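Undergrad: Okay, here's the structure, questions in a sec.
The values are calculated or read from the model by the stated rules, or taken from the named source; none is laboratory data. Quick caveat: nothing in here was measured; it's all calculated off a predicted structure. Positions of Cβ are backbone-derived with ideal geometry, glycine not excepted, and every protein chain shown enters the neighbour counts. Note: accessible area is taken over every heavy atom of the protein model, side chains too, but ligands, DNA and RNA are not part of it. Shrake-Rupley method; radii C 1.70, N 1.55, O 1.52, S 1.80 Å.
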Amino acid sequence: MSDDRFADATARLVAQDPSLTSLSLATRKHIPDAVLAALAASDHCRTAHLEMTAFDDGRCEALRAVGLPACLTALHLTRNAISSTGAAALAAALATTPELRSLHLGGNPLGAGLAPLGAAAAGLDVLNISETQA
């Protein structure tokens, strides 16, 4: 399936299907902007699995621009390419998710990126930062 058809189908599903409470795109090597926008607009998606998707600083900035759904409780971004630059954008995006309880960032080259995430991670029950070079 082409990226455009994949993005359209996924965005429609996320936006229209209230039974979809978990979105898993793990190992998909590109997450189109349309999918991020649909996720941000969702009022029912509670968990997003974006592990091993080549999610990088640019994708974190795109996520910051569209926001995250207020109902999101878990975000999985393990084994991607998020550095301290992306972590700052991610921290801003997390401000839109008052229900977030679990953030998984293991396997990203965060380096000093934990500092901007500090306040955003304060209310979490789970913060996975294993193998982040932090």
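Undergrad: Return the long-range amide H neighbours of Glu131 (sequence gap of 5 or more, or a different chain), with a cut-off of under 5 Å between placed amide H atoms.
TA: Result for Glu131 returns Gly107.
Undergrad: Suppose all protein chains stay in the model; what accessible area per residue would a 1.4 Å probe give for the chain, in Å²?
TA: 46
Undergrad: Lys/Arg Cβ at +1, Asp/Glu Cβ at -1, dipole of the chain taken about the Cα centre: which of Val35, Asn80, Leu68 is farthest positive-ward?
TA: So the residue we want is Asn80.
Undergrad: Then there's this: Taking a ≥ b ≥ c as the square roots of the Cα gyration tensor eigenvalues, with a/c under 1.5 meaning rounded and otherwise prolate when a/b beats b/c, else oblate, which class fits the range 8-134?
TA: In terms of gyration-tensor shape, prolate.
Undergrad: Further question on the same structure: Taking the Cα centre of the chain as origin, sum charge times position over the Cβ atoms of Lys and Arg (+1) and Asp and Glu (-1), and report the length of that vector in debye to the nearest 20.
TA: Dipole of the chain, to the nearest 20 debye: 120 debye.
Undergrad: Run lengths n ≥ 4 of DSSP H only: what is the helix-derived mean residue ellipticity at 222 nm for the chain, with -39500 (n - 2.57) per run over all residues, to the nearest 500?
TA: -11000 deg cm²/dmol
Undergrad: While we're here: With a 1.4 Å probe and every protein chain kept in, tell me what percent of the accessible surface of the chain is carbon plus sulfur.
TA: The nonpolar share, carbon plus sulfur, comes to 53 percent.
Undergrad: Using θ = phi - 60° and the Karplus form 6.51 cos²θ - 1.76 cosθ + 1.60, what ³J(HN,Hα) does each residue of the range 54-67 get, whole Hz, x for Gly and Pro?
TA: Result, rounded to whole Hz: 6, 5, 10, 4, x, 5, 5, 5, 4, 5, 4, 5, 8, x.
Undergrad: Starting from the Cα gyration tensor of the range 15-84, take the square roots of the eigenvalues, sort them a ≥ b ≥ c, and report rounded, prolate or oblate (rounded when a/c is under 1.5, otherwise prolate if a/b is larger than b/c, else oblate). Present the calculation step by step, with values, prior to reporting the outcome.
TA: Numbers: a/c = 1.82, a/b = 1.51, b/c = 1.21.
Prolate, because a/c is 1.5 or more and a/b exceeds b/c.
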